[in-house]
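The values are calculated or read from the model by the stated rules, or taken from the named source; none is laboratory data. Everything quoted here is computed from the prediction, not taken from an experiment. Neighbour counts run over all protein chains shown; Cβ positions are idealised from the backbone, glycine included.
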Amino acid sequence: MDINAQRQYPLFAACGLNCGLCPRYHTEGTSRCPGCGGKGFRDVHPSCGILSCCLRHGLEYCCQCGEFPCQKYDGVDGSDSFITHKHQRSDFERIKRIGLEAYQTELGAKVKILQDLLKNYNDGRRKSFFCVAVNLLELHDVAYVMERIAQETASVFGIKEKAAAAVRLFQAMADTRQVPLKLRKKRPGNR
């Protein structure tokens with residue numbers, strides 16, 4: 001397989017990250033990431049060892065490898081980058097249970113919801129929060145919160161008020177599910 005080939009579905013990374021829910025995927029300009037193996041990916045990420053390994057072995061995703069999880073996954077879910085790494089392994093396990101197509105359908109629905117949040121409820125300071133919330137909460141919980149947001153902000157016109165209501169409702173759902181909605185920073189000494 002050509003190491004520079006584009007992947008068929010760049011919204012879900014070879015390593016298990018949900019690229020379609022990353023702030024850099026929803027950024028305009030030169031720092032925008034096209035998703036894993038998307039058009040121009042090598043310009044933004046010139047060397048990705050996991051993607052290169054998958055391509056060398058003719059795989060779309062690490063979970064298709066008989067050696068998964070290999071040493072490349074040691075400590076991978078201990079901290080985050082622009083996007084949460086918390087569900088990389090569990091999302092691969094979910095794919096094994098429900099199938100890749102069903103997972104991609106769910107991810108596509110989450111991406112659409114995130115786009116709606118960024119377009120209609122982002123006051124310029126909420127992109128990362130919305131990305132993390134949509135990524136870490138289950139789709140049915142995200143859809144429920146969106147219904148509540150629509151109800152509570154139907155007569156609200158100010159973007160700051162809409163953003164505050166959206167954050168409050170997502171945080172309430174996260175608290176109910178005991179899901180922290182923060183990126184985890186690397187501690188000194190961690191890879």
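Given the criterion more than 16 Å from PRO10 (Cα to Cα), polar (S, T, N, Q), loosely packed, with under 14 Cβ neighbours inside 10 Å and at pLDDT below 95, identify the matching residue among SER79, SER90. Working first, answer last.
Working: SER79 fails: loosely packed, with under 14 Cβ neighbours inside 10 Å.
Unique residue meeting the criteria: SER90.
Results for (1) touching a residue at least 12 places away in the same chain (Cβ under 8 Å); (2) among the small types (Gly, Ala, Ser), shown as yes or no for each residue.
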{"position": "LEU11", "(1), (2)": "yes, no"}
{"position": "GLU28", "(1), (2)": "no, no"}
{"position": "GLY38", "(1), (2)": "yes, yes"}
{"position": "HIS87", "(1), (2)": "yes, no"}
Notebook entry, point to check: Could you count how many residues in the range 42-69 are within 23 Å of ARG24 (Cα to Cα) and either within 16 Å of the chain's Cα centre (by Cα) or not in a helix (DSSP H, G or I) (or both)?
Noted result: 6
Item checked: Cβ-Cβ under 9 Å pairs, at least 6 apart or on other chains, the range 139-151 side within 18 Å of PHE129 (Cβ to Cβ) and in contact (Cβ under 8 Å) with a residue 12 or more places away in the chain, far side of a type in the set (Ser, Thr, Tyr) and in a helix (DSSP H, G or I) -> ASP141/THR176
Next item on the list: Select from the range 173-191 the residues that are in a helix (DSSP H, G or I) and either in contact with a Lys or Arg (Cβ under 9 Å, 6 or more places away or on another chain) or of a type in the set (Lys, Arg) (or both) and write down the one among them that is surrounded by the most Cβ atoms within 10 Å (Cβ to Cβ).
Entry: MET173
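Would the range 43-53 turn up any residue that is among the aliphatic types (A, V, I, L, M), within 23 Å of LEU181 (Cα to Cα) and touching a helix residue (DSSP H, G or I) at 6+ places or on another chain (Cβ under 8 Å)?
no
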Item checked: PRO34 being free of Cβ contacts under 8 Å to residues at least 12 places away in the same chain and part of a loop (DSSP other than H, G, I, E, B) -> no
Notebook entry, point to check: Give me the pairs: first residue in the range 168-185 and within 14 Å of ARG126 (Cβ to Cβ), second residue part of a helix (DSSP H, G or I) and among the small types (Gly, Ala, Ser), beta-carbon distance under 6 Å, and six or more apart or on different chains, which are they?
Noted result: PHE170/ALA133; LEU181/ALA133; LEU181/ALA174
